[in-house]
Amino acid sequence: MELLDGKKTANAIKEEIKAQVTAMQSRGDRVPHLAAVLVGNDGASLTYVGSKVRSCEYVGFESTLIQLDETTTETQLLTQIDQLNADASIDGYIVQLPLPKHIDEEKILLAIDPKKDVDGFHPANFGRMALELEAFIPATPFGIMQLLERYAVPTSGKHCVVVGRSHIVGRPISILMSQKGPAGNATVTVAHSRTENLAELTRQADIVVMALGIPEYLTADMVKEGAAIIDVGITRVADSNHPKGYVIRGDVAFDEVAKKASYITPVPGGVGPMTIAMLLQNTLLARKWNS
Ligand code: NDP
């Protein structure tokens with residue numbers, strides 16, 4: 001069994017990006033600039049945005065955090081987005097989700113200039129990705145593709161079962177893995193909450209991607225010997241023995257599944273760290289594509 005080490009791989013990608021930024025600086029080029037918009041004081045969102053900004057600093061990007069009050073109206077946020085779209089010094093930006101309930105997320109995502117949409121959530125990017133055109137690929141599936149490619153996990157001709165069909169993980173990874181190219185050419189089945197006999201499907205899979213958000217759902221009896229297992233799930237599970245009062249669990253019962261797997265991602269330290277690295281990669285691409 002080989003551990004797909006997302007932390008190590010994400011660090012390697014960050015070093016590659018840093019080297020490119022250093023080369024830009026030595027040529028006298030402007031370095032990439034990422035902005036992040038955060039509305040409200042949600043603890044988890046603050047943590048995520050904080051680590052995105054710190055990662056920008058690490059690789060030498062410029063970063064701007066725009067923190068707006070919880071009471072910000074949809075119109076005010078749309079005005080902020082117009083400003084970011086018009087600001088030539090900003091290559092890409094993200095609007096941290098979830099937004100407060102009084103703001104229509106879809107309206108906001110549609111207002112983002114697709115050329116600056118480094119999260120890859122705009123329909124223009126999603127469509128371009130599906131058509132195998134140059135596009136910003138959402139960071140989590142992009143990170144999974146990188147892990148598969150860099151560890152040379154066999155995908156061509158293999159049966160991959162993706163559990164979950166969300167717009168940010170399950171659906172895009174199912175499209176990417178079925179496409180031609182590195183980490184692609186798989187035969188993909190997409191499962192979801194209406195799927196019957198899920199275990200029968202996962203037992204046939206050479207690769208299982210778990211993206212449903214139910215801790216330790218995939219157990220050893222649900223996988224075949226030698227399968228590759230990608231665990232996207234991140235759930236906080238209460239644990240009074242832990243100083244934080246919780247532990248992070250993935251969608252895979254790691255200890256028992258690892259014994260049968262050929263490759264497996266840990267949680268934490270698997271897909272999670274890759275997500276930020278790929279956001280940086282998208283920002284670097286934005287700098288290149290928009291110049
Ligand atoms: P969503 O809640 O948007 O989607 C969950 C999907 O799982 C849905 O398609 C749902 O089906 C399906 N599902 C739910 N229950 C079952 C079940 N019993 N059997 C089969 N399918 C089921 O989640 P996300 O895609 O946003 O996130 C999934 C997990 O990944 C979460 O734990 C999240 O925290 C984590 N995550 C991790 C990231 C990272 O960086 N590592 C990034 C993004 C997410 P249906 O469509 O029918 O409702």
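The values are calculated or read from the model by the stated rules, or taken from the named source; none is laboratory data. Keep in mind that this is a model prediction, so the values were computed, not measured. A quick note on method: Cβ atoms are made from the backbone with ideal geometry, for glycine too, and the neighbour counts reach across all protein chains shown. The accessibility values were calculated without ligands, DNA or RNA, using every heavy atom of the protein model including side chains. Shrake-Rupley method; radii C 1.70, N 1.55, O 1.52, S 1.80 Å.
Points to keep in mind about this one:
- Between Glu132 and Arg54, the contour length at 0.36 nm per residue exceeds the alpha carbon distance by 24.9 nm.
- The chain: most fluctuating residue of Ala12, Ala205, Ala139 per GNM, C-alpha cutoff 10 Å: Ala12
- Residues in segment 194-218 reached by a label modelled at Tyr151 [backbone nitrogen below 16 Å; 7 Å Cα→Cβ]: 206-211
- DSSP beta bridges in the chain [antiparallel fraction, %, rounded to 5]: 10 percent
- For segment 48-119, trypsin sites (Lys or Arg not before Pro) are listed when DSSP marks them as loop and at most 16 other Cβ atoms sit within 10 Å of their Cβ; the list is Lys101.
- Label zone at Leu97 (point 7 Å along Cα-to-Cβ), backbone N below 20 Å, segment 250-291: 251, 271-283
- Across all Cα pairs in segment 13-71, the calculated P(r) in 5 Å bins from zero up to the longest distance comes to 4, 18, 24, 19, 13, 10, 7, 4, 1 percent per bin.
- Reducing segment 13-55 and segment 198-223 to their Cα centroids gives an inter-centroid distance of 34 Å.
- Here is the list for segment 87-193: GluC sites (Glu not before Pro) lying in DSSP coil, each with at most 12 other C-beta atoms within 10 angstrom of its C-beta, are Glu134.
- Treating each Cα of segment 104-175 as one equal point scatterer and applying the Debye formula with no solvent, the log10 of I(q)/I(0) at q = 0.11, 0.19 Å⁻¹ comes out as -0.30, -0.81.
- Length added when fully stretched, His192-Thr64, from 0.36 nm per residue minus Cα-Cα: 42.3 nm
- Remark on segment 174-279: ratio of C-alpha radius of gyration to 2.2 N^0.38 Å is 1.12.
- Comparing Ser26, Ser45, Ser156 in a Gaussian network model of the chain, where Cα atoms under 10 Å apart are tied by springs, the biggest mean-square fluctuation is seen for Ser26.
- Checking every one of the GluC sites (Glu not before Pro) in segment 8-86 against DSSP loop status and a limit of 13 other Cβ atoms within 10 Å picks out Glu70.
- Sites Arg203 and Ser178, calculated FRET efficiency, Cβ-Cβ separation with R0 30 Å, nearest 0.05: 0.90
- Net lengthening on full extension, Arg30/Asp104 (0.36 nm per residue, minus Cα-Cα): 23.2 nm
- Relative contact order (%) - criterion: Cα under 8 Å, at least six apart; region: segment 28-178: 19 percent
- Rounded FRET efficiency, nearest 0.05, which uses the C-beta distance separating Asn11 from Lys224 and R0 of 30 Å: 0.40
- Of Ala35, Ala130, Ala152, the residue with the greatest mean-square motion in the GNM of the chain, using alpha carbon springs below 10 Å, is Ala152.
- Label point distance in nm, Ala86-Glu256, each placed 7 Å from Cα along Cα→Cβ: 5.9 nm
- Protein heavy-atom accessible surface, 1.4 Å probe, per residue over segment 227-291: 43 Å².
- Solvent-accessible area per residue, Å², over segment 1-96 with all protein chains present [probe radius 1.4 Å]: 49 Å²
- Binned Cα-Cα distances of the chain, short to long, each 5 Å bin given as a whole percent: 1, 6, 12, 15, 18, 16, 14, 10, 6, 3, 1, 0
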